[in-house]
Amino acid sequence: FKLLGFLDVKSVPCSRESVLYGSVGSLVVGLGHFLATSRVRRSCDFAVGGFICTMLGYWFYCRYNLAQHRIRQRMLKEGMRNKILFEGSSLDPERKQTGNEGSNS
């Protein structure tokens, strides 16, 4: 579905989870404040604030983890490419270097 008419929640990474966690955070904060004070309007204000804080907090957390995951994937891909490229050559770091490798006389 589209949030606010223009943000497609399915195609943006982390947006669906952020909205879901934000709604749960809104419910918890609003209901908790209402049970503590019995003030409806103020509890609704706290619920909106809880939604925004929870949604943005999870959004940044999720995006940070996604960026870390993509960096690890890129490093692994580069390592696999280098392993295939240098395997069996003199530049292979796993190959044991011996003193009489170059002299066959």
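The values are calculated or read from the model by the stated rules, or taken from the named source; none is laboratory data. Remember, it's a predicted structure, so these values are computed and weren't measured experimentally. When we count neighbours, we look across all protein chains shown, and the Cβ atoms used for this are built from the backbone with ideal geometry, even at glycine. Keep in mind that these areas ignore ligands, DNA and RNA; they rest on the heavy atoms of the full protein, side chains included. Shrake-Rupley method; radii C 1.70, N 1.55, O 1.52, S 1.80 Å.
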Restricting to the range 54-72, name every residue that is at pLDDT below 95, over 11 Å from the mean Cα position of the chain (by Cα) and open to solvent by 50 Å² or more (accessible area, probe 1.4 Å). Leu56
Suppose we filter the range 28-44 for residues that are of a type outside the set (Gly, Ala, Ser) and surrounded by 14 or more Cβ atoms within 10 Å (Cβ to Cβ); how many remain? 5
So, in the range 16-26, exactly how many residues are open to solvent by 60 Å² or more (accessible area, probe 1.4 Å) and either touching a residue at least 60 places away in the same chain (Cβ under 8 Å) or not charged (D, E, K, R) (or both)? 3
Filtered residue count, the range 27-71, keeping only those that are closer than 22 Å to Pro13 by Cβ and without any contact (Cβ under 8 Å) to a residue 40 or more places away in the chain: 16
